[in-house]
Amino acid sequence: MKLYALSACCLLLAAWQPVRAQAISEEEVSRIIHVLAADSMEGRATYSAGIEKASLFIEDEFKKAGLAPLPGLADYRQAFATVGRRIRPLDSALQEEGARFLHNVVGMIPGSSRPEEYVIFSGHYDHIGIQQPEAEDSIANGADDDASGITAVILLANYFKQHPPARSIIFAAFTGEEIGGFGSRYFSQQLAPEKIVAMFNIEMIGKESKFGRNSAFITGYERSDFGAILQKNLESSSFRFHPDPYPEQRLFYRSDNATLARLGVPAHTISTTQIDKDTLYHSVNDEVESLDMKNIADIIEAIALSARSIVGGEDAPARIAKEEK
């Protein structure tokens, strides 16, 4: 009887142990995505009034998170110009015929002990704008592509502001991904690649992956030990990162990680999109209502926890083989 009572008591005590609170709020996920994918953003096409509205919102979120501008910048706007397919610094483009002006939205948390080493969390805030009407809807809202990724960047900024890193973290919302990766191409020219320890690019995490809940995949998984490090940091979790299940889609080269990866940076994209059968991709039906807010919150939290030894200065993923020009 005494043994039974002791066992019952232990079970009750175990049941009363506090459960770790969810660090990423589902309500905040929903709030941010609803703003970025609203009709008022007009599909966030590059060079449009809608993408300017999105930029102002992201800048305000970075300010609320307490991010600092990057060294040399007065604010969160990393401005540049395009002339055709070419990228130009602002000062050299002002007199060029056909110059058009763009900006990334970037902020940072300086590292406490390794401030000259950088970890990047990124996504793209542009989408494809106004399209041919379908059932009287012509706005390609881009809720999954990539309002979900930008939501992750904003919430990770808030998370790491509360969990100060040893290495400096840059949070980047890139422009022009849909029309040639202009934003990430310009960004990659502003930092010495050898100072960038890792890049977590986040693209389309709005729905369950083919592996089910509590999972995501990493593009270019086999190119470094980035994925292995992330999984090691989640060893007490049920969350799993998988290699990219769609190698024929060449997703590693189709997002903003590609430019820095070509320079040797362990730059990978984290995603859940079932790209081989996603009928909403690049359509006017990529709406907030198609997304799973709880799943997104869980994925963002998994990214935050999986990054801890990298931002904490304990791990550095192996470099990716540089591509010869």
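Computed from the coordinates by the stated procedures, all read-outs in this text should not be read as laboratory data. Nothing here was measured: the structure is a model prediction, and the numbers come from that model. Backbone-built Cβ (ideal geometry, glycine too); neighbour counts: all protein chains shown.
Straightening the chain between GLN132 and ARG31 buys 33.6 nm, computed as 0.36 nm per residue apart minus the Cα-Cα spacing.
Hull volume per residue, based on the alpha-carbon atoms of region 41-162 and their convex hull, is 129 Å³.
Amide H contacts of GLU117: SER168, each under 5 Å away and 5 or more positions distant or on a separate chain (H built 1.01 Å from N in the peptide plane; Pro and chain starts excluded).
Site pair GLU116 and ALA23 shows an inter-label distance of 2.8 nm when each label is modelled 7 Å from Cα along Cα→Cβ. By the Stokes-Einstein formula, at 0.890 mPa s and 25 °C, region 176-325 with its Kirkwood radius over alpha-carbon pairs has D equal to 153 µm²/s. Helices in the chain, meaning DSSP H runs of at least 4 residues, each add -39500 (n - 2.57). Divided by all residues, the mean residue ellipticity at 222 nm is -9000 deg cm²/dmol.
Neighbours of VAL83, meaning other residues whose beta-carbon lies under 9 angstrom from its beta-carbon, give a summed charge of +2 when Lys and Arg score +1 and Asp and Glu score -1. Shape summary of region 260-325, radius of gyration then Dmax from alpha carbon positions: 16.4, 44 Å. Here the relative contact order of region 209-325, from alpha carbon pairs under 8 Å that lie six or more residues apart, stands at 38 percent. Roughly how tilted is helix 148-162, in degrees to the nearest 10 and between 0 and 90, from the longest Cα axis of the chain? Roughly 60 degrees between the two axes. Of all alpha-carbon pairs in region 157-196, indicate the percentage at a distance above 14 angstrom. In whole percent, the share of Cα-Cα pairs in region 157-196 beyond 14 Å is 58. The dipole here belongs to the chain: it is taken about the Cα centre, uses +1 on the Cβ of Lys and Arg and -1 on the Cβ of Asp and Glu, and is about 1240 debye. Taken over region 215-272, the alpha-carbon convex hull comes to 71 cubic angstrom per residue.
Shown for the chain: lysine pairs separated by 8 or more places, or found on different chains, whose C-alpha atoms are under 29 Å apart, numbering 29. Relative contact order of the chain: what whole-number percent is it, with Cα pairs under 8 angstrom and at least 6 residues apart? Relative contact order, the chain: 21 percent. Over the chain, the hull volume per residue, using the convex hull of the C-alpha atoms, is 161 Å³. Residue ranges 85-96, 272-283, 49-60, 257-268 sort as 257-268, 49-60, 272-283, 85-96 when ordered by packing (mean number of other C-beta atoms within 10 Å per residue, highest first). Remark: spin-label model distance ASP60-GLU235 equals 4.4 nm, labels positioned 7 Å along the Cα→Cβ axis.
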